[in-house]
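A short reminder: the numbers here are calculations on the coordinates, not readings from a lab. Given the structure is predicted, the values throughout are model-derived calculations rather than measurements. With ideal geometry, Cβ positions are generated from the backbone for all residues, glycine too; neighbour counts draw on all protein chains shown.
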């Protein structure tokens with residue numbers, strides 16, 4: 001039985017592979033011949049290792065098992081039973097060079113010999129088979145068509161057009177295919193149901209790292225790969241986990257550990273929060289009313305303390321503060337000021353004893369819809385180039401948090417996976433980060449604390465809104481995109497039934513986009529900050545923007561905190 005195995009990782013990985021082999025006296029049909037190909041160090045040149053008819057443990061199979069030096073984001077593998085001798089040139093995967101990159105193909109199936117003449121390569125073919133297999137001929141025919149049309153990558157061909165070409169091959173016989181150009185990994189299922197092909201996306205943290213079927217064992221347990229996300233394709237599932245069978249004629253495209261296109265157009269993503277009209281926002285503006293109450297109770301009276309409040313919503317061209325009232329009990333010395341980040345703040349000084357501190361603010365805010373980023377005059381790509389004076393102004397928002405170098409390197413690899421997956425398109429990268437965090441990181445209350453780092457969140461894949469914002473900020477800064485932490489409120493619906501993150505202050509991210517200014521992204525809810533988000537305070541991190549902070553100089557003892565936030569729509573406007 002032929003086994004196709006394809007792997008697409010979000011960053012370089014080194015899976016360990018063991019093959020099943022015939023024991024002495026077994027039928028030759030059980031002997032496994034194989035070929036493995038990958039792109040070392042994210043290069044576009046492929047490395048291919050083949051062993052047509054191995055017998056038991058060999059130096060070649062030990063390479064597969066212990067190839068931690070051969071790291072890649074894409075692997076294309078073909079394993080077959082060989083009843084007769086198969087030559088090196090007839091062993092999959094096949095590799096050809098074109099357009100400054102190596103292309104790979106592995107095929108499970110047989111094309112009808114009588115119809116192979118339909119695969120015309122021209123009078124002076126650029127690509128010609130070295131061996132005698134129908135698979136290599138089909139590969140040369142496909143590359144010939146790609147070259148004649150002037151395309152230089154699989155993505156440039158267009159996924160529907162490529163699927164049509166693979167369908168033409170499938171009409172000549174059985175065709176389950178894996179195809180790669182070093183950037184994308186394409187899996188295609190035979191339209192008439194020959195054989196099978198399955199897929200699964202594995203995300204950390206991984207409960208099990210060893211996957212196997214009767215033909216191959218795949219170990220993803222390398223310590224350096226513990227945080228890798230992978231899309232796997234296999235003829236036969238390698239575990240008891242949920243493997244999705246590809247439908248007849250279905251084509252999937254994987255890039256950097258994610259499915260970026262599928263012919264059935266299904267989506268695996270659903271935002272956590274959907275307020276009324278949140279998908280398209282036909283409204284141009286909205287009026288929201290916010291009530292925010294905070295009560296501190298102390299075991300012993302506080303005799304002296306100092307506090308800073310950042311509770312007044314921002315007033316600018318997209319957010320108009322219509323009303324604002326702040327009440328503090330007990331009443332003491334207070335004054336307003338603008339902090340270094342432009343936040344409206346209040347300083348409180350208490351010199352008389354008090355057992356309880358109650359802070360209540362009420363706001364009415366009109367939100368105006370932001371211009372669409374789709375109105376860009378041109379595509380903005382990475383890396384961004386900042387003038388020296390711009391970098392000096394943005395420097396606080398370009399420095400990642402101070403973490404061990406090994407952790408920052410791992411986070412940098414994760415950040416770069418988004419850039420590579422989106423072909424360095426700035427807005428597409430930010431959208432991808434925003435949606436990926438919402439889709440793949442679990443919102444778990446009380447799972448983190450103020451000392452939780454972005455790396456902790458990256459490894460555990462769980463947290464709350466401030467953790468997801470911190471991670472997004474870190475990834476953006478590692479990519480050279482200025483990012484800041486934003487605190488405010490989120491509106492989740494008038495009936496208050498869906499109130500994820502709406503019963504407390506909410507946190508999201510703002511990034512500075514060339515020619516657009518600061519734009520908000522909410523990685524908790526996979527949306528941009530628009531008519532659902534009320535902006536209050538911002539800073540380099542949560543400490544710069546915390547709604548209430550203070551220092552008790554004398555007294556207090558133990559402390560309990562109670563917070564209540566309500567966000568309601570006053571009336572839909574225009």
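Brief remarks follow.
- Rounded to the nearest whole angstrom, the semi-axes of the ellipsoid equivalent to the range 103-205, taken from the Cα gyration tensor as √(5λ), stand at 23, 18, 12, largest first.
- Sorted largest first, extent of the range 3-262 alpha carbons per principal axis (Å): 50, 44, 33
- Summed over qualifying helices (DSSP H, 4 residues or more, each -39500 (n - 2.57)) and divided by its residue number, the chain shows a 222 nm mean residue ellipticity of -5500 deg cm²/dmol.
- Between the beta carbons of residue 244 and residue 559, assuming R0 = 35 Å, the FRET efficiency works out to 0.10 to the nearest 0.05.
- Efficiency of FRET between residue 349 and residue 451 - r from beta-carbon atoms, R0 45 angstrom, step 0.05: 0.95
- Label zone at residue 118, where the point sits 7 Å out along the Cα-to-Cβ direction: the range 137-157 residues whose backbone N lies under 18 Å: 137-146
- Volume in Å³ per residue [convex hull over Cα atoms, computed for the range 380-545]: 113 Å³
- Between residue 295 and residue 152, the FRET efficiency from the beta-carbon distance, with R0 = 41 Å, is close to 0.05.
- In plain terms, the residue of 78, 198, 533 with the fewest other Cβ atoms within 10 Å comes first and the most crowded comes last, giving 198, 533, 78.
- All C-alpha to C-alpha distances of the chain, sorted into 20 Å bins beginning at zero, yield P(r) values of 19, 43, 26, 11, 1 percent in whole numbers.
- DSSP beta bridge pairing in the chain, given as percent antiparallel to the nearest 5: 100 percent
- Fewest neighbouring Cβ atoms within 10 Å first, the residues 369, 50 line up as 369, 50.
- The gain in end-to-end length when the residue 329 to residue 213 segment is fully stretched comes to 35.0 nm, 0.36 nm per residue minus the alpha carbon separation.
- Cut-off 14 Å (backbone N to label point 7 Å along Cα→Cβ of residue 48), residues of the range 179-196: 179-182
- Relative exposure of 42, 123, 225, 564, judged by other C-beta atoms within 10 Å (fewest first): 123, 564, 42, 225
- The alpha carbon convex hull volume per residue for the range 317-468 rounds to 212 Å³.
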